[in-house]
Amino acid sequence: MVTTHNLGFPRIGSNRELKFALEKYWKGALSEQALLEMAAALRAQHWQDQAALDWIPAGDFSLYDHVLDTSFMLGNIPSRFGTLPGNEIDSYFRAARGRSVSDNAACSCVNAGEMTKWFDTNYHYIVPEFDKNTRFSLHAGHLLEQIQQAKQLNYQIKPVILGPVTYLWLGKSKDGSDKLELLDDLLSVYAQLLHALKNADIQWVQIDEPVLVMELTQEWKHALRKAYYQLQATSPNLLLTTYFGQLQDNLQLACELPVSGLHLDTTTAYDEVAKVIDWLPSHKILSLGVVNGRNIWKTDLTKTLDWLEPIHARLQDRLWLAPSCSLLHVPVNLDSEQKLDAEIRSWLAFAVQKLSEIELLANALDHGRDSVATALWENSAVVTSRRQSKRVHQAAVKARVLEIDDALGTRQSPYHQRTIVQRQKFQLPLFPTTTIGSFPQTQEIRQTRRDFREGRLSESAYRQAMREEIETCVREQEALGLDVLVHGEPERNDMVEYFGEQLAGYAFTQFGWVQSYGSRCVKPPIIYGDVLHSQAITTEWIQYAQSLTSKPMKGMLTGPVTMLNWSFVRDDQPRADTCLQLALAIRDEVLALEKAGIRIIQIDEAALREGLPLRKSQWNDYLDWAVRAFRVTANGVSDETQIHTHMCYSEFNDIMEAIARMDADVITIETSRSDMELLDAFDQFHYPNEIGPGVYDIHSPNIPSIDSIIELMEKAAQRIPAERLWVNPDCGLKTRNWDEVKPALRNMIAASRYLSTAARAG
């Protein structure tokens, strides 16, 4: 019989219960006990949603981030969090967001942990911090409590833990010491953890080592061997789990490690299945991730069975089936989507539906296809319908993509010539100040959009309300003294969804929320067909904002690579082709803004980095088409028009050459949580254009001081000439409130003026 299991379930709840509870707790409107009770109720519901599986994950739930949970479980808490007053949950949220509920203004200045992307996804994790004095100790109470709760509810559970080598790989050494020197101490704590799980009568433990799909040096490969040979004596059965990529040169290593089973993501490593079966010892189980845990298209069950049946005949009871990775990356339940176009809805599967697909595949293998004949026929009809739908393909769009040439992506003049024109036009001071685009989205703004969308507010009343909010944003920025203004984006629900709603080829859900970090959830739109721009999207709002001020107004757009990477993307053509369609659509919007008189245009590419293949040997192909798409989008404008782009919360040091090839006049980029670590790249690489290193961490409620901003910018000025530096927050301000934003921006502007005066005097 085939064994079914899951690697992880969405944490947020079908109605984003976790988000709303966390935000109430942070505001002091929900007690700690009530928060923990809500979390327990959510876990119980999630286990119920997975009850048909043979093994259900436990420990995959988190109040903020599973990597941060691992740090606390291992006692790896930087001293700046542990020495402040309060209990463990206070320290936890300080590490996550810089402040706990118990903090007041006097003790709320602690820097949160650095946040970056989880492999090549849009999920953000809190980066573990190490130094040569780091020591680990076991604090497994929260995991054991979740296990006990599941057992009391009579579920057969499989605890999920992050593997020790991946944990070290994900972290950063703060003093330059070798992380692998910590392995022995770390393994002793993992041994204690596995012994505790064994004593809790746990039969199987899922231990995630996605680092196995990365390019590893011999030292890291040795660390994996050492870890699992050392841990095997004290362990329950270990299911070693990989996902997001191919094993390649790590395949033999993964098969030979002394564990009881191996999980392979067949959506990315399909070609390796046969080789893994040949290499895997006969006493080990093989778990195949046969349903895509990162996208929302229904699985072609007949096609999947065609290649699974011979594998099942060979492996028999040694075969386990699961999604490719944790279902953290997809929405919870398609049943909630009652307003979605019926045909498009029929093509989709969310987390709950993906588990049903696993169950159906297992039944077909165990009892024959006839036992599920009706379901297979229905699935085949839907897959065929999508493949043949005339809604998917637009001949005019495909023809326009074929006409793209190098001239379309080339500015009229190189940067060193056009910057002279731009400086004469804008007359900005040294260290000019701006923001990334959005301003606080109050409950009133969201309610106005909701009322308009649901027909309770007329279009004229809606437009008037948005104009009033835009004017408020402009007046506040003028009062603060910012140099380059933005309109504040009150009309936008999300930086990708807003644009996608006005492009052909996109579909949208009501409840398709996915966790990005902590309480931050996004609702990725669905690219189901060829993308087409038919009318101007932003010019009305930004023209109006410019009419209110004599200062330069920055037009705000989302770039094609981010539109791609932050959507659920069609899987019937190369992603590069879809990205070029998006590039042409956003290019039309850039040109419309320029025609409307907007001379500073920001094209956000926050997701550029996360689209990188996990192996560096495959980076160049991606970067070539991603950079090409941006250039097609941006470079049809005159020299006088200044193009900005924005990137955040990823590691950019090793792709600075590609970022430079984008040829944006100004790039704004996150550096506040990483303490300007990004600027180390400029020791080796001469970045040719202007840059605004983000000095205000907008994902924390903390207000940066003038001195802290000056200190960060002085670090930047050691590597980049002052005349090419901007001062700005590290991301948009929509998630903050005005009481936080205004003093933070005042300090930012004061720091800028000090730096400008000092530079001119020096």
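The values are calculated or read from the model by the stated rules, or taken from the named source; none is laboratory data. Fair warning: this is a prediction, and the values are worked out from it, not measured in the lab. Ideal geometry is used to build each Cβ from the backbone, glycine not excepted, and the neighbour counts take in all protein chains shown. With ligands, DNA and RNA removed, areas are computed over all heavy atoms of the protein, side chains included. Shrake-Rupley method; radii C 1.70, N 1.55, O 1.52, S 1.80 Å.
What the table below lists for this structure:
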{"quantity": "Residue in the stretch 64-78 that is open to solvent by less than 10 Å² (accessible area, probe 1.4 Å), aliphatic (A, V, I, L, M) and either in a loop (DSSP other than H, G, I, E, B) or more than 27 Å from Thr116 (Cα to Cα) (or both) present", "calculated": "yes"}
{"quantity": "Every residue from the stretch 715-741 that is open to solvent by 50 Å² or more (accessible area, probe 1.4 Å) and within 30 Å of the chain's Cα centre (by Cα)", "calculated": "Lys715, Arg719, Thr735, Asn737, Asp739"}
{"quantity": "Options Arg369, Arg400: the member that is open to solvent by 40 Å² or more (accessible area, probe 1.4 Å), over 20 Å from Ala504 (Cα atoms), in contact (Cβ under 8 Å) with a residue 40 or more places away in the chain and over 30 Å from the mean Cα position of the chain (by Cα)", "calculated": "Arg369"}
{"quantity": "Qualifying residue in the stretch 314-323 (condition: over 21 Å from Leu376 (Cβ atoms), in contact (Cβ under 8 Å) with a residue 40 or more places away in the chain and polar (S, T, N, Q))", "calculated": "no"}
{"quantity": "Selection within the stretch 612-635 - small (Gly, Ala, Ser) and either crowded, with 23+ Cβ neighbours inside 10 Å or assigned to a strand (DSSP E or B) (or both)", "calculated": "Ala626, Ala629, Ala634"}
{"quantity": "Only one of Ala364, Ala322, Ala269 that is in a helix (DSSP H, G or I), within 22 Å of Ile56 (Cα to Cα), open to solvent by less than 50 Å² (accessible area, probe 1.4 Å) and at pLDDT 95 or above", "calculated": "Ala364"}
{"quantity": "Residue count for the stretch 534-574, restricted to those that are open to solvent by 30 Å² or more (accessible area, probe 1.4 Å) and more than 30 Å from Arg475 (Cα to Cα)", "calculated": "6"}
{"quantity": "Residue in the stretch 88-101 that is hydroxyl-bearing (Ser, Thr, Tyr), assigned to a helix (DSSP H, G or I) and within 21 Å of Arg520 (Cα to Cα) present", "calculated": "yes"}
{"quantity": "Of all residues making up the stretch 476-490, the number that are open to solvent by 10 Å² or more (accessible area, probe 1.4 Å) and either over 28 Å from Trp118 (Cβ atoms) or touching a Cys at 6+ places or on another chain (Cβ under 6 Å) (or both)", "calculated": "6"}
{"quantity": "Hits in the stretch 333-346 (condition: under 24 Å from the mean Cα position of the chain (by Cα) and open to solvent by less than 30 Å² (accessible area, probe 1.4 Å))", "calculated": "Leu334, Glu337"}
{"quantity": "Condition met for Phe9 (touching a residue at least 60 places away in the same chain (Cβ under 8 Å) and either part of a helix (DSSP H, G or I) or out of contact with any Ser or Thr (no Cβ under 9 Å at 6 or more places or on another chain) (or both))", "calculated": "no"}
{"quantity": "Hits in the stretch 37-57 - residues which are surrounded by fewer than 16 Cβ atoms within 10 Å (Cβ to Cβ) and part of a helix (DSSP H, G or I)", "calculated": "Glu37, Ala40, Ala41, Ala44, Gln45, Gln48"}
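Table: residues versus (1) open to solvent by 40 Å² or more (accessible area, probe 1.4 Å); (2) not in a helix (DSSP H, G or I).
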{"residue": "Thr374", "(1), (2)": "yes, no"}
{"residue": "Ser380", "(1), (2)": "yes, no"}
{"residue": "Lys390", "(1), (2)": "yes, yes"}
{"residue": "Gln417", "(1), (2)": "yes, no"}
{"residue": "Val421", "(1), (2)": "yes, no"}
{"residue": "Thr448", "(1), (2)": "no, no"}
{"residue": "Asp451", "(1), (2)": "no, no"}
{"residue": "Ala465", "(1), (2)": "no, no"}
